[in-house]
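S.K.: Got a structure for you, written out below as structure tokens; questions coming shortly.
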Amino acid sequence: MSVRVVESVAVMEAARREMRGLVGLVPTMGYLHEGHLSLVRRARAECEVMVVSIFVNPTQFGPGEDLERYPRDTERDLRVLEQAGADVVFMPSVEEMYPPGFEEWVEVAGLLTERLEGATRPGHFRGVTTVVARLFRIVRPDRAYFGQKDAQQLRVVRQLVQQEGLPVVVVPMPIVREPDGLAMSSRNVYLSAEERTAALALSRALREARRTVMEGGVTDADTLRAAVRATVAGQPLVQLEYVSVADEATLSELERIERPAMVLVAAKVGSTRLIDNVVVVPKGMAVPEGLRELV
Ligand code: AMP
């Protein structure tokens, strides 16, 4: 069966009314890679009907960010999704998602959206929660798949679902990496060969941080932050924006790692902004069930 491409909200809503069984949604901004496809495959395995959305959401980009040059290759994306067994690809225009007079902004308030990405990219999460809420209301998925790559976004979406009482299960998926450790991202295409090599310092630093905690037994967050900074400092092409050692669920900054935590980094590599993270649990602590796949 071939994939159905839907570009209008009204047609998507009508298509949804015809769907039977569990409906899975994988929201993306397109330019698909193996990270996206891991979500797509899980959705395919768990749901009767699988919808993938492709929408480069303008409201989550700040002024001076890469909205205009964000990579796109719709033909290839559709080919890949057809192969992966998607039933519907929802590909609305900006006007469909934000019709004239659109005012249905949905926000998650508090620390979770104010810190880290929220601090560096003001308004970013307001754009994310608004578009995700709108996608959820249009597609009404039973399950929605999000990558740990965007760890803060995943937790913000969980909070959104709880706050708005949306009947959807948010399924977290582990970070898919290139063989050399670089976290897959549509934005990696911006990197020159030299920048790409330099960018490996990020995943290397995070890998070392995880080992330091989980095998070395280090619990002091400052020690960990300093070690990450030291590893990345060896690469003049990489400018760290933040290194955070935070509670895995709330993202509040930690002094000591005594419960499941994350080490998160954001950095500019040349003009490309990259993020990455690892989940850690203190040495000797069993990895909680819900995190088993992410560690
Ligand atoms: P994006 O198209 O970048 O908005 O990403 C769409 C979804 O794919 C988000 O839930 C991301 O977290 C997820 N994703 C992106 N890159 C990866 C990756 N390397 N591994 C796992 N999930 C990813």
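Per-residue answers, yes or no, for (1) open to solvent by less than 60 Å² (accessible area, probe 1.4 Å); (2) in contact with a Phe, Trp or Tyr (Cβ under 7 Å, 6 or more places away or on another chain); (3) assigned to a loop (DSSP other than H, G, I, E, B):
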position: Val89; (1), (2), (3): yes, no, no
position: Glu95; (1), (2), (3): no, no, no
position: Pro99; (1), (2), (3): yes, no, yes
position: Phe102; (1), (2), (3): yes, no, yes
position: Glu107; (1), (2), (3): no, no, yes
position: Thr113; (1), (2), (3): yes, yes, no
position: Ala119; (1), (2), (3): no, no, no
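S.K.: When you look at Val40, is it among the β-branched types (Val, Ile, Thr), modelled with pLDDT of 95 or more, over 24 Å from Phe125 (Cα atoms) and outside any strand (DSSP E or B), yes or no?
M.R.: no
S.K.: Then there's this: State which residue is least open to solvent (accessible area, probe 1.4 Å) when the search covers only region 169-191 and only residues that are in contact with a Leu (Cβ under 9 Å, 6 or more places away or on another chain) and either of a type in the set (Lys, Arg) or more than 11 Å from the ligand (Cβ to nearest atom) (or both).
M.R.: Gly181
S.K.: Any idea which of (1) on the phi > 0 side of the Ramachandran plot; (2) within 11 Å of the ligand (Cβ to nearest atom) is the one Arg140 doesn't satisfy?
M.R.: Among (1) on the phi > 0 side of the Ramachandran plot; (2) within 11 Å of the ligand (Cβ to nearest atom), the lone unmet condition for Arg140 is (2).
S.K.: So which of Thr197, Thr250, Thr212, Thr219 is of a type in the set (Val, Ile, Thr), touching a Pro at 6+ places or on another chain (Cβ under 9 Å) and open to solvent by 30 Å² or more (accessible area, probe 1.4 Å)?
M.R.: Thr219
S.K.: Let me ask another. Among the residues of region 28-65, write down those that are away from the ligand (no atom under 12 Å from the Cβ) and farther than 15 Å from Ser93 by Cα.
M.R.: Passing the criteria: Arg44, Ala45, Glu46, Cys47, Glu48, Val49, Met50, Val51, Gly62, Pro63, Gly64, Glu65.
The values are calculated or read from the model by the stated rules, or taken from the named source; none is laboratory data. Note that the structure is a prediction, hence the values are computed from the model and not measured. In this analysis, Cβ positions are derived from the backbone assuming ideal geometry, glycine residues included, and neighbour counts consider all displayed protein chains. Side chains included, ligands, DNA and RNA excluded: accessible areas come from the protein's heavy atoms. Shrake-Rupley method; radii C 1.70, N 1.55, O 1.52, S 1.80 Å.
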